[in-house]
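Scroll down for the structure; my scribbles are underneath it.
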Amino acid sequence: MLGQLVTRLQALPRPWKLNLSDDVAGRVLRGTALVVVGVGILLRTRGLVFAAPGNSLWLDEAAWAMKLIEEPLSENLIRPMAFMAIIKALISVFGAYPLMFRLLPWLGGVTTCLMLLPLARRLFRSDAARLLFVSILALSPSAIDLSRDFKPYALGLAFHVGMLLLALRYRDTGEKRDLIAACALIVPSILFSQDVIFAYPSLFLFLAAVAFRSKRVRHIAGIAAAAIVTLSLIGGMYFFVWNKIESKSEKQYWGEKYDVFYIKKNNPEGKADWFIRHYITLAESLGERREVWNDRLPEKNRRDLSYVDRALWLALHAAGLSLLVRGRKLSKALLLAGPIVVMSIFNLKGIWPFGHFRTNLFVFVYLAGIAAVAVDRRAEKTRMWDLLPATVMVILPLLLFEKTWHSRKEAYWMAAASWIEDAAGELLTLQAQGANGRTELLVIDHYACHPLRYYTNFDPSTKDTMGVEFSKRFRLTSCIGNPKRMFKEIRKALDRGDERAWMLVGSDVIIKKIDRTWPRDLEQIAGMRVGDGAHMVVGVKKRAAETTAARD
């Protein structure tokens, strides 16, 4: 019996292999792809499992963490239901540590990397296309950073990669078990990531076409049943959750803030021009690492090289689409372009953001696929030239221009990395100097407010130390959005007899405003910038009357 089991195991397909030809170039590309996947996993792990400065929960993460702790799960369903329920269970069992909130996204990021090699093998014929596809997704700054962020987008990317992989495996084998596996992943995926809805039409049409060509009537019936169950889930979520969201106000807010919806007054050129501009930005977004290049090159050279990088990615995208159309690769076009088309329709209806934005991380798997089609070819032998596309477009820019190697989150459209724990520690140290035993006012800006509250009240590793000290030493204000109000609160405390007050600021934008508008009647008595200037801690007292008069 044991011998039979071993024989069966040996006969199982090995989809994790790239199936390259057995020559030197093939072994080099296979080794490179494996190294790229390993590096992708390490970069997703750095700063999360291994502690590093700048990786505290930032504004959005802290706000959602406290919301999940303090409110019932039913109040958190604007985010995917299963995603939030599993994290709620994790913090209930293990405690509300930052790692627990980020664990599912990290697992999603690691799983994505592990699935890239088998997916590339099933999608493309050539080693050049496979390596380019794997490199883009494994080393994407957005995919790396969102794998360490309490948001569902990295997990959503994993579901898109997994659904593609299982659908293609069913195409290759035609086996019932592979169809069951594909449907078992597709149907509940909407509970983990809302963006999978854009892939549903393509996936179900693709599976149905495969079953129809092989005349498997029972398979077609199973696919139809899975589609009905999926539609029922979507209908239930719409009825109980989505229709309660004020879509018009949400569209206005996100359109005004991030330009991800068409707002007429902000875009006089018209909707068509707005859409084309955003589509081009989306196609170029695979080269987003250029936004965080280091300053090894002079600024002008970096800017010129950035233009070249944008042009190359746009050319790859256009060439990939052209080859899909001219080659009549309808199945591949359906899988790779279909979700982008559906997302575009949702945006035109004012339902989903469009462009290079964090909610659209899932699009990277389809954009990477289209770019890789541009270099895909049928060849009997792998050549060393097949290293060129991935090396030039992805690997060399990382090796030459990376600044921090993702020790903290750095994708240019995300919030800055958070040093709130370090800033809070510096504040306690500064406040201890000259303290008179009375509580002192601490004014907090909007960006530092939620993270500080989380670490002083909820994080099990800091609430009994840092949290206790803050409650003894400070009277905290509520979140304040602008410097004028911060100064107003400080003046009130000083007029009531306090000798000094404190400010904790968590945004470089607010810090610059404070520097420009610092009032003449207040004096800084102690101050420190923390985390590359992203946070500021400063003590404040009244300026002496004669000093103020002299300044006047």
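Against the condition touching a residue at least 12 places away in the same chain (Cβ under 8 Å), of a type in the set (G, A, S), more than 27 Å from V196 (Cβ to Cβ) and outside any loop (DSSP other than H, G, I, E, B), how does A319 come out, does it pass? Answer is yes for this residue. The criterion of being touching a residue at least 60 places away in the same chain (Cβ under 8 Å) and in contact with a strand residue (DSSP E or B) (Cβ under 6 Å, 6 or more places away or on another chain) does not hold for A493. Touching a Cys at 6+ places or on another chain (Cβ under 7 Å), in contact (Cβ under 8 Å) with a residue 24 or more places away in the chain, part of a helix (DSSP H, G or I) and in the same structural domain as F364 (by TED's automatic domain parsing): does that describe A226? The answer is yes for A226. Filtering L305, L336 for residues that are at pLDDT below 95, among the aliphatic types (A, V, I, L, M) and either within 27 Å of the chain's Cα centre (by Cα) or outside any helix (DSSP H, G or I) (or both) leaves a single hit, L305. Counting only helices (runs of 4 or more DSSP H) that sit wholly inside the range 98-164, those with at least 3 residues that are surrounded by fewer than 24 Cβ atoms within 10 Å (Cβ to Cβ) and out of contact with any His (no Cβ under 7 Å at 6 or more places or on another chain) are 98-123. Taken together, G235, G287 contain a single residue that is exposed (fewer than 12 other Cβ atoms within 10 Å of the Cβ), within 29 Å of the chain's Cα centre (by Cα), assigned by TED's automatic domain parsing to the domain that holds V394 and within 21 Å of P339 (Cβ to Cβ), which is G235. Here are the criteria: (1) more than 20 Å from the chain's Cα centre (by Cα); (2) under 29 Å from L48 (Cα atoms); (3) not aromatic (F, W, Y). Tell me which single one S418 does not satisfy. S418 satisfies all of (1) more than 20 Å from the chain's Cα centre (by Cα); (2) under 29 Å from L48 (Cα atoms); (3) not aromatic (F, W, Y) except (1). Determine if the range 173-196 includes at least one residue that is part of a helix (DSSP H, G or I), among the hydroxyl-bearing types (S, T, Y) and surrounded by fewer than 24 Cβ atoms within 10 Å (Cβ to Cβ). Yes; the residues of the range 173-196 include at least one that is part of a helix (DSSP H, G or I), among the hydroxyl-bearing types (S, T, Y) and surrounded by fewer than 24 Cβ atoms within 10 Å (Cβ to Cβ). The C-beta contact set for the range 511-533 (first residue in the same structural domain as L442 (by TED's automatic domain parsing), second residue exposed (fewer than 14 other Cβ atoms within 10 Å of the Cβ) and not in a strand (DSSP E or B), distance under 6 angstrom, 6+ apart or interchain) comprises R520/R551. Scanning the range 372-387 for residues that are among the small types (G, A, S) and either part of a helix (DSSP H, G or I) or under 17 Å from R121 (Cβ atoms) (or both) yields A372, A379. On the stretch given as the range 421-470, residues that are within 31 Å of the chain's Cα centre (by Cα) and assigned to a helix (DSSP H, G or I) total 21. Scan the range 247-270 for residues that are assigned to a helix (DSSP H, G or I) and touching a residue at least 24 places away in the same chain (Cβ under 8 Å) and the total you get is 5. Screening the range 405-443 for residues that are polar (S, T, N, Q) and crowded, with 16+ Cβ neighbours inside 10 Å and picking the one that is nearest to V538 (Cα to Cα) gives Q431.
If you filter the range 56-81 down to residues that are polar (S, T, N, Q) and either more than 21 Å from A534 (Cβ to Cβ) or part of a helix (DSSP H, G or I) (or both), you find that the one that is nearest to the chain's Cα centre (by Cα) is N76.
Every listed requirement among (1) under 19 Å from G425 (Cβ atoms); (2) in contact with a Phe, Trp or Tyr (Cβ under 7 Å, 6 or more places away or on another chain) is met by P519 save one, (1). I'd like to know if the range 69-86 contains one or more residues that are of a type in the set (G, A, S), under 26 Å from A424 (Cβ atoms) and buried (at least 16 other Cβ atoms within 10 Å of the Cβ). For the range 69-86, residues of a type in the set (G, A, S), under 26 Å from A424 (Cβ atoms) and buried (at least 16 other Cβ atoms within 10 Å of the Cβ): absent.
Selection over the range 499-511 of residues that are part of a helix (DSSP H, G or I) and surrounded by 14 or more Cβ atoms within 10 Å (Cβ to Cβ) gives a count of 3.
The values are calculated or read from the model by the stated rules, or taken from the named source; none is laboratory data. Please read all numbers here as calculations on a predicted model, not as lab measurements. Reconstructed Cβ throughout: ideal geometry from the backbone, glycine too, with neighbour counts over all protein chains shown.
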